[in-house]
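Everything on this sheet refers to the single structure shown next.
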Amino acid sequence: MKNIDLGTEILWQNVREEIVNSENGYLIFDDTVIKKKYSQKIELVRRQYSGNEHGVVNGIGIVNC
């Protein structure tokens, strides 16, 4: 799946049935980049924008929920 760009609409269609509406809680997503300055052989390392670095870095992108 790493080479497939699903887009937000297709992704939402596939996960919307799994989300339970509740007035007692929230579903929060957060993305981050773990900077890997010296890791050039790790498969998950990509050049991507880091807000903390205010620029493009080599790192691993993670989405937390």
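Every number here is computed from the coordinates shown, using simple stated rules; none is lab data. The structure displayed is predicted, hence computed values, not measured ones. Note that we place each Cβ from the backbone using ideal geometry, even for glycine, and neighbour counts take in every protein chain shown.
Net charge of the neighbourhood of residue 63, taken over other residues with C-beta under 13 Å away and scored Lys/Arg +1, Asp/Glu -1, is -2. Over all Cα pairs of the chain, how is the pair count split among 10 Å bins, expressed in % and running from 0 up to the last occupied bin? Per 10 Å bin, starting at zero, the Cα-Cα P(r) for the chain comes out as 17, 37, 29, 16, 1 percent.
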